[in-house]
Amino acid sequence: MRTALINGRVLTDDGLKEGLTVVIDGETIVEVSTSRVDAERTHDLEGRILAPGFIDCQVNGGGGVLFNDEPTVEGVRRIAQAHRRFGTTGMLPTLISDDAMVMRKAVDAVAQAFAQHVPGVLGIHLEGPFLATSKKGIHNSAKFRVPDTADIELLSGEVKTLLTIAPEEVSPRVINELSGRGVIVAAGHTNATYEQTRAALDAGMRGFTHLYNAMSPLQGRAPGAVGAALDDDASWCGIIADGHHVHAAALRIALRAKPRGKIFLVTDAMPPVGSDDPTFRLNGETISCRDGLCTNETGTLAGSALDMAAAVRNAVATLCVDLAEALRMASQYPAAFIGLERTHGRIAEGFVADLVVLDDGFVTDTWCAGHHERAV
């Protein structure tokens, strides 16, 4: 059934535009027009903003669920549902460093969720366990190891896979093999030198996980992983714009250093997002979230309580980008990073009908593969 979305401010490639009608039919956007169109149903947006649904490449949990604890189809479903009320219509459930058995369960759960058309599931993000102990953050370094043949086979399945590695722990040969098999490789939790990071980029590494955090810094004589990220025009960088993980000035510098479209928003969200419980357990520790800050008892950051709509608002407020650009950082740019730029992240004919409606920066409605939900 064709549904016409009218009277909104629609995000286009040229900015927010009025006077456009967006028509969806089933799971697809079939028309974007300045003319009156025929449709069985009409949805009046009443002047609110219509943007592509948000895509979050780093979602550890939500709705009280930690993916590591519930690597099941139902766990994935509950996490995706919790984030949809904040405009995220596409996500990569993210597994923090864990044992091979848990990794396999997580990959299988996402594959099943994808096959069952669980709304909002685009693939999986495995953040580790091929990381550097010196930059472990909240990860359990006892889980760290180097990838073997079985890991490469697991990572090379049909599910779209983002893998975060430390370039000093994974050889360029293995990175090249993984990228050749379609795995999206990113650097994170790394103390790599500039040269090691550059070699990984040359081998096929595509991006950087939560730029600046748990990453060798940019210094005058040692540019490190951060320097390699900012120096490389081709790679993408995810950023956590929650006001806690990275100083806003550092993020503004990164935006000026990288070509437009190469920096995108992620949440690094934990179970409290979409839940009334501000605490959860991770690696045997209690993590508490207060004022948007998630830490263990020693003050180590443990993901975030950030949702994507809040990330967009923060980007406008602190990063000197306009609303249209902030919305692209939450939709079009992450879609390009994971290779979905021809189907997701834009409001255009033939694209998947993943959409979000915002009123003063807060989500009121979403369409996920054409299915409408009220967020408030």
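The values are calculated or read from the model by the stated rules, or taken from the named source; none is laboratory data. Quick caveat: nothing in here was measured; it's all calculated off a predicted structure. Glycine also receives a Cβ, built like all others from the backbone with ideal geometry; neighbour counts cover every protein chain displayed. The area values use the complete protein model at the heavy-atom level, side chains included, leaving out ligands, DNA and RNA. Shrake-Rupley method; radii C 1.70, N 1.55, O 1.52, S 1.80 Å.
Quick one: count up the residues across region 5-20 that are open to solvent by 20 Å² or more (accessible area, probe 1.4 Å) and either under 21 Å from E40 (Cβ atoms) or not charged (D, E, K, R) (or both).
6
Examine region 58-74 for a residue that is of a type in the set (D, E, K, R), farther than 19 Å from T279 by Cβ and either open to solvent by less than 40 Å² (accessible area, probe 1.4 Å) or in contact with a strand residue (DSSP E or B) (Cβ under 7 Å, 6 or more places away or on another chain) (or both), and state whether such a residue exists.
no
Pick from L306, L265: which is in contact with an Asp or Glu (Cβ under 6 Å, 6 or more places away or on another chain) and not small (G, A, S)?
After applying the criteria, what remains is L306.
Name the residues in region 10-26 that are of a type outside the set (V, I, T) and either without any contact (Cβ under 8 Å) to a residue 40 or more places away in the chain or assigned to a strand (DSSP E or B) (or both), would you?
Within region 10-26, L11, D14, G15, L16, K17, E18, G19, L20, D25 meet the criteria.
Could you give me the residue pairs with C-beta distances under 9 Å whose first residue belongs to region 264-277 and is farther than 14 Å from C294 by Cβ, whose second residue is open to solvent by less than 10 Å² (accessible area, probe 1.4 Å) and among the charged types (D, E, K, R) wherever it lies, and which are 6+ apart or on separate chains?
Every condition considered, the pairs that remain are L265/D56; V266/D56.
Name the residues in region 116-139 that are touching a residue at least 24 places away in the same chain (Cβ under 8 Å), out of contact with any strand residue (DSSP E or B) (no Cβ under 8 Å at 6 or more places or on another chain) and not basic (K, R), would you?
Those that are touching a residue at least 24 places away in the same chain (Cβ under 8 Å), out of contact with any strand residue (DSSP E or B) (no Cβ under 8 Å at 6 or more places or on another chain) and not basic (K, R): Q116, H117, V118, P129, S134.
When you look at T149, is it surrounded by 20 or more Cβ atoms within 10 Å (Cβ to Cβ), more than 18 Å from the chain's Cα centre (by Cα) and more than 23 Å from T267 (Cα to Cα), yes or no?
Criteria not met by T149.
Consider M205 against the criteria (1) assigned to a helix (DSSP H, G or I); (2) open to solvent by less than 50 Å² (accessible area, probe 1.4 Å): it satisfies all of them except one. Which criterion is unmet?
Result: M205 fails condition (1) only.
Scan region 162-179 for residues that are open to solvent by 10 Å² or more (accessible area, probe 1.4 Å) and among the polar types (S, T, N, Q) and jot them down.
S171, N176, S179
Is it true that V37 is of a type in the set (V, I, T) and within 30 Å of P147 (Cβ to Cβ)?
The answer is no for V37.
So how many residues does region 89-105 have that are open to solvent by 10 Å² or more (accessible area, probe 1.4 Å) and in contact with a strand residue (DSSP E or B) (Cβ under 8 Å, 6 or more places away or on another chain)?
Residues that pass the stated criteria total 1.
Can you give me the ranges of the strands (runs of 3 or more DSSP E) entirely in region 294-376 with at least 2 residues that are hydrophobic (A, V, I, L, M, F, W, C) and surrounded by 16 or more Cβ atoms within 10 Å (Cβ to Cβ)?
Passing ranges, in order: 301-304, 355-359, 362-368.
Would you check if there is a residue in region 43-53 being open to solvent by 60 Å² or more (accessible area, probe 1.4 Å) and more than 20 Å from the chain's Cα centre (by Cα)?
yes
Please enumerate the residues belonging to region 278-302 that are within 19 Å of the chain's Cα centre (by Cα) and free of Cβ contacts under 8 Å to residues at least 40 places away in the same chain.
Hit for region 278-302 is C294, nothing else.
Residues of region 252-279 being at pLDDT 95 or above, open to solvent by 30 Å² or more (accessible area, probe 1.4 Å) and not small (G, A, S), which ones?
R252, I253, L255, R256, P259, R260, K262
Contact list please: Cβ distance under 7 Å, first residue in region 226-251 and open to solvent by less than 30 Å² (accessible area, probe 1.4 Å) and assigned to a helix (DSSP H, G or I), second residue modelled with pLDDT of 95 or more and of a type in the set (D, E, K, R), pairs at least six apart or on different chains.
Listed by first residue and then by second, the contacts come to A228/R198; L230/K258.
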